[in-house]
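The values are calculated or read from the model by the stated rules, or taken from the named source; none is laboratory data. In this text the structure is predicted, and so the values were computed from the model without any measurement. No Cβ is skipped: glycine too gets one built from the backbone with ideal geometry, and neighbour counts run over all protein chains shown.
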Amino acid sequence: MSRIEQAFKEKAFIPFITCGDPDLETTAKVVRAAAENGADIIELGIPFSDPVAEGPVIQGANIRALSAGVTTDKVFELVRELRKDVKIPLVFMTYANVVFSYGVDKFMSLCKEVGIDGVILPDVPFEEKEEFSSVSSKYGIDMISLIAPTSEDRTAMIAKNAEGFIYVVSSLGVTGTRTEITTNIEDIVKVIRQNTSLPCAVGFGISNPQQARAMAEVSDGAIVGSAIIKILEKYGKDSPKYVGEFVREMKNALK
């Protein structure tokens, strides 16, 4: 059983953290605080100058990280260091350009070397996934697919070919906290369940324990990004304590 499969033995809480916001030392402390307080998988964002799937909150985190001199090499070193004691699955979320400019083979082989379990590239459509997945599979790295409300008749096809887990996008548009989620997630998950036994977790817009619980009731877990980035924006280097408390509260809501 892979680390990702293991993480979904119960409802999974998956926080997203942009690496290097406000600095890599704080990121390491935040990741450890999240893991210690019940995070089941952690998504690590590799900063990119044009993060098209992100709303203003995560865009801001990307800008702060890049301004602080964060590079893909430094993110790999961060993961290498974290893996000395962080045992839960770690997944990269970044963009095709980052992987291309680094070299797809070099990127995926380093993912394996440092202990990354999966990669999410939100700007790569299903039809172009093969370019990356043919290489990632060579190194045992899951290419995690996204299914959005607009996927419609493609949902079954994406689900059948998915790896690791499926990221269900709860809302149209970019990431960001939302007061309510109106998409019929249940219908999307039903089609996924008919086509794969892989777990699926819902993200985009979840910001409080009530929303997380509601999403986990119809899926296998909840993904939260912008609400955590707001904590980092507010508390900076003092964030680990507050992120830990937030993760614990969210995880408890899923139990």
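Things worth noting here:
- Some residue of segment 185-203 being buried (at least 23 other Cβ atoms within 10 Å of the Cβ) and modelled with pLDDT under 90: no
- Condition check for Ser145: small (Gly, Ala, Ser) and surrounded by fewer than 15 Cβ atoms within 10 Å (Cβ to Cβ): no
- The one condition from (1) surrounded by 22 or more Cβ atoms within 10 Å (Cβ to Cβ); (2) at pLDDT below 95; (3) not polar (S, T, N, Q) that Arg64 does not meet is (1).
- In segment 22-37, residue surrounded by the fewest Cβ atoms within 10 Å (Cβ to Cβ) [restricted to those that are over 14 Å from Gly244 (Cβ atoms) and among the charged types (D, E, K, R)]: Glu25
- Condition check for Arg80: surrounded by fewer than 19 Cβ atoms within 10 Å (Cβ to Cβ) and in contact with a Phe, Trp or Tyr (Cβ under 8 Å, 6 or more places away or on another chain): no
- For first residues located in segment 146-170 and of a type in the set (Lys, Arg), partners that are assigned to a loop (DSSP other than H, G, I, E, B) and lie 6+ apart or on another chain with Cβ distances below 7 Å form the pairs Lys160/Thr196.
- In segment 218-246, the residues that are closer than 17 Å to Lys11 by Cβ form Cβ pairs under 7 Å with partners that are modelled with pLDDT of 95 or more and among the small types (Gly, Ala, Ser), at six or more places apart or across chains, as follows: Ser219/Ala201; Asp220/Ala12; Asp220/Ala201; Gly221/Ala12; Gly221/Ala201; Ala222/Ala201; Ile223/Ala201.
- When residues of segment 171-184 are limited to those that are closer than 26 Å to Asp50 by Cβ and either in contact with a Lys or Arg (Cβ under 8 Å, 6 or more places away or on another chain) or among the acidic types (Asp, Glu) (or both), the one modelled with the lowest pLDDT: Thr177
- Residues within segment 38-59 that are surrounded by 20 or more Cβ atoms within 10 Å (Cβ to Cβ), over 22 Å from Cys111 (Cα atoms) and at pLDDT 95 or above, tallied: 0
- A Cβ distance below 6 Å, combined with a sequence gap of six or more or placement on separate chains, defines the contacts here; from segment 25-41, residues that are among the acidic types (Asp, Glu) reach residues that are modelled with pLDDT of 95 or more in the pairs Asp40/Ala7; Asp40/Ala12; Asp40/Phe13.
- Which listed residue, of Ala65, Ala12, is under 21 Å from Pro122 (Cα atoms) and under 15 Å from the mean Cα position of the chain (by Cα): Ala12
- Filter result for Ser239 (modelled with pLDDT of 95 or more, hydroxyl-bearing (Ser, Thr, Tyr), surrounded by 18 or more Cβ atoms within 10 Å (Cβ to Cβ) and closer than 27 Å to Pro22 by Cα): yes
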